[in-house]
Each structure stands twice: as structure tokens, then as C-alpha cells.
Amino acid sequence: MTSTEDVARRSSTGRTVDEVDLSIFDGQRERAAAIVARYPQPRSALLPLLHLVQHVEGHVGRAGVAFCADVLDITPAEVSAVATFYTMYKREPVGEHLVSVCTNTLCAALGGDDIYAAVRERLGGIGHEETSGTPGEPGSLTIEHAECLAACDLAPVLTVDYEFFDRQTVDSALEILDALQRGEKPHPTRGAPLTDFRSVELLLAGFFDEPEVGGAAANAGPSADPSTLAGARLAEERGWTAPPMPERGPDRTTESTTLPGGAS
Amino acid sequence: MTEPGPEEYTPDPLTPVLTRRWLLPESWTLRHYTELGGYEALDTAFATDPADLVSLVKDSGLRGRGGAGFPTGMKWSFIPQPKPGEEPTAATKDAPQFKPKYLVINADEGEPGTCKDVPLMMADPHSLIEGCIITSYAIRANFCAIYVRGEVVHALRRLHWAVKEAYDAGHLGRDIHGSGFDLDIVVHAGAGAYICGEETALLDSLEGRRGQPRLKPPFPATAGLYAAPTVVNNVETIATVPSIVAGGKDWFRTMGRERSPGPKIYSLSGHVERPGQYEAPLGTTLRELLEMAGGMKDGIPLKFWTPGGSSTPLFTAEHLDVPLDFEGAAEAGSMLGTTALMIFNETVSVPWAVMKWTEFYEHESCGKCTPCREGCYWLAGILRRLTEGRGTESDIDTLLDVCSNVLGRSFCALGDGAVSPITSGIKYFRQEFLDLCADQQSPASETPVLAGAH
Ligand SMILES: Cc1cc2nc3c(=O)[nH]c(=O)nc-3n(C[C@H](O)[C@H](O)[C@H](O)COP(=O)(O)O)c2cc1C
Ligand code: SF4
Ligand code: FES
């Protein structure tokens, strides 16, 4: 059944008012079914489905809304109500990359506000959720100021397609922008090699092992920042450990299980 | 490290339990997890009656690491279970004890300053997964969802691969380790909304709806995900469970204090020499942590800090020796929250910091209730005006007045959290707010500019 027929059929039931061409989602039906199958109840699939929509459309448009409604047998209004609630679902097409600068208090105090201002200026004064260049073309960049990104010990941070660039300065951030605009993919300080916004949306939809999202190699991308490890390293240096666990049961082979302070 | 003496035993200043594998290269792999005893606690758990596991965690004194500090074992014990031998009858077949049970992990980590769960999921995802299996077995759940905020794709990636490894190794799926117990885990990405960290909003979001809080009661324990009994716990809480099962309650209680036992990841950020994650016994003080973190950056003195994220009232240099556990932080007028210690030196303006946090709450207020939605909007407007030097002394009273109308009158705890920086900021640094109004004291400028009217 083609998608247009489907919507037409549904419109006769009064659920869908407008006809929307869903053909761009024809290749996604299997994935959509796989998402729905993960959950005890189908409606739980809506957030991952909207991520899948962004993988295809680069934002959530009318077709994407209709597609989700079709898959879950709910109304487009119900889908829109959800899509508009969440910051990560974008109403306008996103560029090749999404650059998010944390401007919450801690990052801002350490330079995040200056970084965001410099990013805007370098891209011709564009603002929150605006794009420099043409979405769909290489080097196009959408920017946003973000709330705390759970990386405050590495402040100030920004992310590109949600991969971390930690401890930024105005200069380092502008270098990243320039490289992205030239079509290069600078390596994040923590995370996988960059792909693009739409590929990462596939991972957010739960498809983590496809070649498009980098497969197992992406998982090996770095994460062990010195700050993350600061306490573990200090404990190792000073020989501090958690108290040893007591011996238990006759089947214990080891004398007593001391928790190693780190690499042994 | 000496053997614990019977009485005056003091643990080391840092006690890596959750962080003990983090220094290993590729620490996130199943191979390294099992090398250091991983998935062994699972067999101990399967050899134990589920109800006894609940008692074990109760007796260990473990309290939730997501902010509120609710006793974890007690939360699990609220899940209705059939009495021994009880079978569903026509009258009781829809009763909660016969519904499916669910475990939902709160990995939405969005409270400003909080940065412990994301590194944990990146460095040692299997500790969380093993905790999920043990907890699910204890509460008799066969489905577990890990709700991760969407903006941390590398943590999502690590969890996805770890869950796959666990399935392939037989730690997940059907008849795990021959125990007859089945469990499926789904890693679920959120989509950017701080309020989805509130447990009932999280459940609505996981059901594919706008993430807005639900009225309580009913509590998730009786009517949670799909209106079925559900436990919602934080990442760090559940990642602690395998160690309690392996080490026992007495071992766990050798760390921390009587009512707040165990180790805790303290996240130091801001103006310190070596910011980062420090796992220490609960009750450790900022003075001790600062010493370990190399002191204040460039020696510039401490001005203010949060003990547990922006929703916990500010502390100052007066509070360096407050024991940072649930009781200690509360007795000193704040809350332990998420042990997110954001540390600011003398160069930072308190009204500015408070204004920035208030803008965050204004943006993240879900809009469901009037006090928070309107209150945050006006508070942010007044604070912006103040920090721009266009405020008057009466603005400070207005701020406090609005705060008192938001606090305790909002539908969920976001509203209460939103006023914390403002009321505590004014309490300790009133003069700094007044100084901003200094040039507004001439009678000609007494007419305030209407906040928000621009
Ligand atoms: C606005 C708001 C945001 C919250 N965000 C989180 C969060 O990101 N992670 C978390 O674990 N708990 C968060 N909580 C607390 C949860 O509602 C809940 O208490 C917690 O997940 C319970 O787990 P625990 O008992 O293991 O701490 C938040 C609460 C509120 C009111
Ligand atoms: S307090 Fe704020 S976040 Fe909570 S329900 Fe009310 S409007 Fe929503
Ligand atoms: S304030 Fe920027 S990551 Fe937390």
C-alpha cells in the first residue's frame, strides 16, 4: 500500500484532513516497525520515530508528522503536540551540522557566553536555531544556545551533532566552525568521529550498529577525559581504595575481594 | 589499606566503587567488566529470594542519587506483589499486584551542574546494566527502559552496545543464567526537556506524550508506566546495587554516615584547579574535596557554590565544613541534590548567576501550572532588569514575594527549585543586589521600568 493511499483511506475516517505525500518515508517502514516492536505499547515509539523523521527530513515537517500518525494510528495533532514540546525536534531544516553552545551559568561564567557571541558573529549574526548556508548542502551550520549538557567539569563545552568538544575558547570554537564550513570533520574531544546531524538522528532512533552511524568503531571513540578520571587517578596515586569486601561463601576463590583503585 | 577495625574505622578519603574501573583502557567493554568481578553479583542475586534482595537494599541504607534521597529499598517494597500462593481471581485480575511491573532508569541528567551519570554510562555501562537486572529481578519486572537525555549520543552509543553485549553473553533475554528469569532492556533517547527528569513527566514522555508531570498520588509504584507498578531510579542509584549485593550491607555502611551511607560521586566544576568526578564517602566536606582537587583556581577565593545543582540553595565560604550528606546539607539550609558542586570565585556576580539560572527555569518550565509558568517569566524579567542596572530596591521585595508564591504552590518540584538560587542569593548577598540599584535611588527614577514589557 502506498503511503498516499494510506492517508487518503484514513482521511475517510475523519482522522486526517489533508493529504500528505509520505513517499519519502517508503524506505523507513521496516525501521518504524522495529521501533514499535521494542515497547510493550506502540505509542512509546513516538519519540524515537520523531528522531527517525529527522534522520529523513532534517527536521520535523508535515510529512514527518503524518508518517508518525500513520505508523501509530493516532492523529497528526497528537503528534504535533508532542513534537513541539521537545527542544531537539526542529521545525526548520537543520544544516549539515548542528552546533550547540552551552550558555548555562557554569559554562557561561567560564566563557560560554563569549563563545556563543563569537559563533553568532562569525556566521553573520545569525541567532538561535538559525542556519548559515543552505540545509542539505555541505558546510551548512545551524546554531543554538544549549542548557547544561552534563559536562560542567569540562566547561565551557559545545557539541557538534551532539558530540562533545570540551574546554573550549573563543579561538578553538571558531577554528571548529571554519573547519566544518570547509567540509572537514574535526574530531570531538569525547565521542565518535563526526558524521552529520541526520546520521546521528538515526542513532537517536535506536539504530546504533548501522554503518551509517559508524558501527562498532564509533563506540571506541574517546571518553576518558582527565577530569572524568580526576578522582580515580588521585585515589590510585595515593593508594586509596574502598574498604575490602568481606569474604563470602565457600565458593569464593579469592581470599578477600579488594576493590582495585583503578587499573591493576 | 588496613582491615576495618570494629569501631574507629575510617575509610580512605576517596572510595572508588562506581569509579573503580574507569582508569582501565576501554573500560566500557564486557571483557573488562567481567575481569573485575562483573556479573558475579547477578548469580548471588538469583540465588536469593526477591523479597530478601529488597530487604538487603533497605538495610544497606542506600538512598536515591537522583536528587531527593528517597530510601531505595523502601521504594522497591512499595511495588504491590501477589501474596505467597495468591492467584488472580475474576475480582483481582486487574489489581496492581497482577499487572506487569516495570523498571525505568532516569538517565535524563539535566540539573545544571550535574555531570556524573553521563560519564558513568560512558565509562562503565555494564555496572548500570547489571544493576538493572538485579533490580528487575527484585521487583519482578521483565521490562526495563533506560531513558537517556538525547543530547549525549556517546553515552547512548555505549549503552546500546553494552546492552547488545549483555544479550549476546546471556545476561539479558530469556532464562538468564538458567534462573528462569526473563528481562528485556530498551535504551530510549529523550528529546531535550529538563522537566522529563521529573519522574512522572519522564513516564509520560516514555509513553510518547508531552513530558508534563502527573498528579501524585497515585505514585509510580502503583500506577506508573502504562498505569502499572513502576520503579523509577537514578543511574547512580542502580549502578550501586551490584556492589551492595556483592559486598553486603555492613560493607556498604563502612562508608558514609548512619543515615546516608555509602560512596557518592561528587562532581566538582567551576573555579577549581582540578575539576572532575571524585567518589568519596557521603559526608565528605567541600574543604576536603577542594584539597583533593588542588584548591581554588589560581588561588582566587571562593565566593559561592551549590551543593547539589542549581535547584539547591547556594552555600558560601561559611559552609566549607558542612558534611555533604542528606542530613548535613539540609541542616545547613540547603539540599544534597545531585552532589553537583558548582564552585564560583570572587569574580562572579551573584545577581548575574542567579539571573542566568532563572532564565534556565523560565525556558524549562513545562507550562502546566500557573505559579511556575508565570512566576519564572516575571522573575527572569525582573532579574534581567536588575542586572542591566535598571532595577530599584523594591525589585528585591518583589522577587521575594513572587518566590514565596511559587515555592510550595507549584505542581512539581521544578518550581521549588527555580526559586532556590534567588532566595538563597538574596539571603547571603543582598548588598550585591542593592548595589546594582544604587544609581536608581534618586526620586526621579523611582518609577520602575515594567519588567517583561519589551
Ligand atoms: C525538575 C526535576 C528534574 C529532575 N531531573 C532528574 C534527573 O535528570 N535525573 C534523576 O535521576 N532524577 C531527576 N529528578 C528526580 C526524579 O523525579 C526522581 O526523584 C528520581 O529519578 C528518583 O530516583 P532515585 O530515587 O534513584 O534518586 C528530577 C526532579 C525534578 C523535579
Ligand atoms: S512546577 Fe513548572 S515544571 Fe512543574 S508542572 Fe508546574 S509549570 Fe510544569
Ligand atoms: S553548565 Fe555547561 S555543561 Fe553544565
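With only alpha-carbon pairs counted, each pair once and no self-pairs, how large is the Kirkwood hydrodynamic radius of chain A in angstroms? Walk me through the intermediate numbers first.
Numbers: mean 1/r = 0.0473 Å⁻¹.
Its Kirkwood hydrodynamic radius stands at 21.2 Å.
Grab the other residues whose beta carbon is less than 11 angstrom from that of B:ASP59, score K and R as +1, D and E as -1, and report the net. Mind showing how you got there, number by number?
Numbers: positive: B:LYS58, B:LYS249, B:ARG253; negative: B:ASP52, B:ASP250.
Net of charged neighbours comes to +1.
Give me the Kirkwood hydrodynamic radius of the stretch B:133-174 in Å, from all C-alpha pairs, to one decimal place? Walk me through the numbers on the way to the answer.
On the way: mean 1/r = 0.0867 Å⁻¹.
In the stretch B:133-174 this quantity evaluates to 11.5 Å.
Within the stretch B:229-275, report the GluC sites (Glu not before Pro) that DSSP leaves as loop and that have at most 11 other Cβ atoms within 10 Å.
On the way: sites: B:GLU236, B:GLU258, B:GLU273; in loops: B:GLU258, B:GLU273.
Taking the stretch B:229-275 and a limit of 11 other Cβ atoms within 10 Å, the loop GluC sites (Glu not before Pro) found are B:GLU258.
Along the Cα-to-C-beta direction of A:SER199, a point sits 7 Å from the Cα; which residues of the stretch A:78-98 have their amide N less than 14 Å from that point?
Residues A:96-98 qualify, since their backbone N sits under 14 Å from the label point.
Within a Cβ distance under 11 Å of A:PRO226, other residues only, what is the Lys/Arg minus Asp/Glu net charge? Can you show the working numbers first?
Working: positive: A:ARG167, A:ARG233, B:ARG274; negative: A:ASP153, A:ASP166, A:ASP225.
In short, 0.
For the stretch B:236-356, report the translational diffusion coefficient in µm²/s to the nearest whole number, using Stokes-Einstein at 20 °C, 1.002 mPa s, and a Kirkwood Rh over Cα pairs. Walk me through the numbers on the way to the answer.
Working: Rh = 14.8 Å.
This corresponds to a translational diffusion coefficient of 144 µm²/s.
Can you give me the Cα centroid spacing of the stretch B:186-244 and the stretch B:419-435 in angstrom?
With the stretch B:186-244 and the stretch B:419-435 each reduced to a Cα centre, they are spaced 34 Å.
Given a cut-off of 28 Å, what percent of all Cα-Cα pairs of the stretch B:116-274 lie beyond it? Working shown, then result.
Numbers: 3320 of 12561 pairs.
When all Cα pairs of the stretch B:116-274 are counted, 26 percent exceed 28 Å.
Starting at 0 and stepping by 20 Å, how many percent of the alpha carbon pairs of the protein assembly as shown end up in each bin?
Spelled out per bin, shortest first, that is 17, 52, 28, 3, 0.
What 222 nm value per residue comes from the helices of chain B, counting each DSSP H run with n ≥ 4 as -39,500 (n - 2.57) and dividing by all residues, nearest 500 deg cm²/dmol? Numbers along the way, then the final one.
Values: 16 runs with 184 residues, N = 454.
Value at 222 nm, helices only: -12500 deg cm²/dmol.
Would you report the distance distribution of C-alpha pairs in the stretch B:350-446 as whole percents per 5 angstrom bin, up to the bin with the largest distance?
2, 15, 27, 24, 15, 10, 4, 2, 0
Given charges of +1 on the Cβ of Lys and Arg and -1 on the Cβ of Asp and Glu, with all other atoms neutral, how large is the dipole of the stretch B:263-345 about its Cα centre, in debye to the nearest 20? Intermediate values should be presented prior to the final figure.
Working: 5 positive and 10 negative charges, 55 e Å.
The dipole magnitude comes to about 260 debye.
Relative to the first principal axis of the alpha-carbon coordinates of chain B, what is the inclination of helix B:235-253, with its axis defined by its Cα atoms, in degrees from 0 to 90 and to the nearest 10?
70 degrees
Provide a whole-number value for the mean count of partner chain Cβ atoms within 10 Å of the Cβ atoms in peptide A:119-130.
Working: counts 0, 0, 0, 0, 0, 0, 0, 0, 0, 0, 0, 0.
So the per-residue partner count for this stretch is 0.
Compute the whole-percent fraction of alpha carbon pairs in the stretch A:44-94 spaced more than 11 Å apart.
Details: 797 of 1275 pairs.
It works out to 63 percent of all Cα pairs.
Once you place label points 7 Å from the Cα toward the Cβ at B:GLU273 and B:THR370, how far apart are they in nm?
5.5 nm
Grab the DSSP H runs of chain A that are 4 residues or longer, score each as -39,500 (n - 2.57), total them, divide by all residues and round the 222 nm result to the nearest 500 deg cm²/dmol. List each step's numbers first, then the result.
Working: 11 runs with 100 residues, N = 264.
The per-residue figure over chain A is -10500 deg cm²/dmol.
Please quote Rg/Rh for chain B to two decimal places, taking the Kirkwood radius as Rh and restricting both calculations to Cα atoms. The partial results should precede the final answer.
Details: Rg = 23.4 Å, Rh = 23.3 Å.
Reported Rg/Rh, Kirkwood definition of Rh: 1.00.
Return the FRET efficiency for the residue pair A:SER172, A:GLU212: r is the Cβ-Cβ distance, R0 is 30 Å, and the value is rounded to the nearest 0.05.
Working: r = 28 Å, r/R0 = 0.95.
So, using R0 = 30 Å, E works out to roughly 0.60.
If we sort B:33-41, A:129-137 on the protection proxy, mean other Cβ atoms within 10 Å, highest first, what's the order?
Values: B:33-41: 18.1, A:129-137: 15.4.
Going from most to least packed, we get B:33-41, A:129-137.
Suppose R0 equals 25 Å; then what is the FRET efficiency for B:PHE219 and B:ASN142 from their Cβ-Cβ distance, rounded to the nearest 0.05?
0.75
Quick one: if you take sqrt(5λ) for each eigenvalue of the C-alpha gyration tensor of the stretch B:275-329, what semi-axes come out, biggest first, whole angstrom?
Working: eigenvalues 59, 41, 22 Å².
Semi-axis lengths for the stretch B:275-329 are 17, 14, 10 Å.
Provide Rg and Dmax in Å for the stretch A:84-174, with only Cα atoms included in the calculation.
Rg and Dmax of the stretch A:84-174, Cα atoms, are 12.4, 35 Å.
When the chain is fully extended, how far beyond the present Cα-Cα distance does B:GLU388 get from B:ASP321, taking 0.36 nm per residue of separation? Mind showing how you got there, number by number?
Working: separation 67, 0.36 × 67 = 24.12 nm, distance 3.49 nm.
Fully extending the segment from B:GLU388 to B:ASP321 adds 20.6 nm.
Using only the Cα atoms, work out Rg/Rh for the stretch B:45-203, with Rh taken as the Kirkwood radius, to two decimals.
On the way: Rg = 16.4 Å, Rh = 16.8 Å.
Looking at the stretch B:45-203, the ratio lands at 0.98.
Net charge near A:THR105, counting Lys/Arg +1 and Asp/Glu -1 over other residues with Cβ under 13 Å of its Cβ? Write out the running numbers ahead of the final one.
Values: positive: B:LYS356; negative: A:ASP113, A:GLU147, B:GLU111, B:GLU359.
Counting the neighbours of A:THR105, the net charge comes to -3.
So what's Rg/Rh here for the stretch B:1-122, counting alpha carbon atoms and using the Kirkwood radius for Rh? Can you show the working numbers first?
Numbers: Rg = 19.2 Å, Rh = 18.5 Å.
The Rg/Rh ratio comes out at 1.04.
Suppose each label sits 7 Å from its Cα in the direction of the beta carbon; what would the B:GLU258-B:ASP401 distance come out to in nanometres?
4.5 nm
Over the stretch B:1-149, what is the relative contact order in whole percent, taking alpha-carbon pairs under 8 Å and six or more residues apart? Present the calculation step by step, with values, prior to reporting the outcome.
Working: 144 pairs, mean separation 43.8, N = 149.
Computed over the stretch B:1-149, the figure is 29 percent.
Could you give the angle, 0 to 90 degrees to the nearest 10, between helix B:50-60's Cα long axis and the longest principal axis of the Cα atoms of chain B?
40 degrees
So, R0 is 25 Å and r is the distance between the beta-carbons of A:ARG182 and A:ILE126; what FRET efficiency does that work out to, to 0.05? Walk me through the numbers before you get to the answer.
Working: r = 18 Å, r/R0 = 0.73.
The calculated FRET efficiency here is 0.85.
Between 0 and 90 degrees, rounded to the nearest ten: what's the tilt of helix B:153-168 against the longest Cα principal axis of chain B?
It works out to around 10 degrees.
No lab work stands behind these numbers, since they all come straight from the coordinates. What you see is a predicted model; the values in this text were computed from it and never measured. Note that we place each Cβ from the backbone using ideal geometry, even for glycine, and neighbour counts take in every protein chain shown.
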